[in-house]
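The values are calculated or read from the model by the stated rules, or taken from the named source; none is laboratory data. These figures come from a predicted structure and were not determined experimentally. Here the Cβ positions follow ideal geometry from the backbone for every residue, glycine too, while neighbour counts run over all protein chains shown. SASA here: full protein model, heavy atoms, side chains in, ligands and nucleic acids out. Shrake-Rupley method; radii C 1.70, N 1.55, O 1.52, S 1.80 Å.
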Amino acid sequence: MNPKEIINAYSTSIFEYFFIAGAFYIICYKIFSNALKESKIQNKNLNSRDIRREIANSLLSTFIMSLIIVTVITTDLVKYTKWYTDIHQHSLWWIPVAFIISLVIHDTYFYWLHRLLHIKSIFKYAHLTHHKSTNPTPFASYSFHFLEAIGEALIVPIIIILLPFHPISLLLFLVSSLIINAYGHLGYEIAPKWFRNSFLFNIITTSTYHNLHHSKFKGNYGLYFRFWDKMLGTEYENYENVYNEIQNKRFQ
């Protein structure tokens, strides 16, 4: 394993983190904060110390995740996966299809990992770090304890063991995952008005959905989709009412 590859991967991940989380933060908390005041999910003031903590934790987590991914795809471990770099090895249509399937796999993995992290004896050692952000900002996207960061990073080896996966699929996966994560921790509900009455509302999580998890400390364990929470009765029972209240304020 070449240390330069780790440095390059880490640098890229840090750039993506600050670019995506920073863009969400600047747009919602700085440029349009007044216009979006009715979209704020919690009526609490931000603490700059919390933001610094979220960033510091995310820098460590990003390094751990980069290290694990690079270790798997650049060493002999890759022989035990379906990772491929020749774009012609599989049909081009497989690249987006593999990406979509990876989101379903990730959501399932995340749900069960998340439930595990909420076991009391584990929570205080591994997940409390993330839950210190009771009123999260997009910078909380990767604000993990190092043990949780390891658990989160293992999804990539799992995916490339299960699926033929090209670097383009991995890039799509990592960037989209971070965008959705940043939106989930945004602290503002910015979904368009039509979304509430579409079939997608019953499938996809929202910023409100994950914000309730941070403020209530339980329920709404899903990352992208609602179906695991719905199926297993772990969705916060008042979620849709809370979303409706915010929706009505935003579009009154």
Could you check segment 58-97 and list, in sequence order, the residues that are over 23 Å from ILE158 (Cβ atoms) and touching a residue at least 40 places away in the same chain (Cβ under 8 Å)? LEU59
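Considering each residue of segment 74-95, count those that are open to solvent by less than 50 Å² (accessible area, probe 1.4 Å) and among the aromatic types (Phe, Trp, Tyr), and give that number. Give the derivation first.
Just the residues of segment 74-95 that are open to solvent by less than 50 Å² (accessible area, probe 1.4 Å), to begin with: 75, 78, 81, 83-84, 94-95.
The next check asks that each one be among the aromatic types (Phe, Trp, Tyr); those that pass are 83-84, 94.
The number of residues fulfilling the criteria is 3.
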When you go through (1) in contact with an Asp or Glu (Cβ under 9 Å, 6 or more places away or on another chain); (2) more than 26 Å from ILE55 (Cα to Cα); (3) free of Cβ contacts under 8 Å to residues at least 24 places away in the same chain one by one for ILE100, which number turns out not to apply? (1)
Elements of type helices (runs of 4 or more DSSP H) in segment 99-177, at least 3 residues being among the small types (Gly, Ala, Ser) and at negative phi: 146-153
LYS218 passes all but one of (1) assigned to a loop (DSSP other than H, G, I, E, B); (2) open to solvent by 20 Å² or more (accessible area, probe 1.4 Å); (3) modelled with pLDDT of 95 or more; which number fails? (3)
Can you tell me which residue within segment 2-52, out of those that are outside any helix (DSSP H, G or I) and of a type in the set (Gly, Ala, Ser), is nearest to GLY187 (Cα to Cα)? SER33
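Is segment 224-231 home to any residue that is aromatic (Phe, Trp, Tyr), closer than 16 Å to GLU245 by Cβ and assigned to a helix (DSSP H, G or I)?
no
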Note on GLU38: of the conditions (1) open to solvent by less than 30 Å² (accessible area, probe 1.4 Å); (2) farther than 21 Å from ALA153 by Cα; (3) of a type outside the set (Ser, Thr, Tyr), unmet is (1)
Is there any pair with a first residue in segment 189-211 that is open to solvent by less than 60 Å² (accessible area, probe 1.4 Å) and part of a helix (DSSP H, G or I) and a second that is among the acidic types (Asp, Glu) and modelled with pLDDT of 95 or more whose Cβ atoms are under 6 Å apart and which are 6 or more apart or on different chains, and what are they? SER207/GLU189; THR208/GLU189
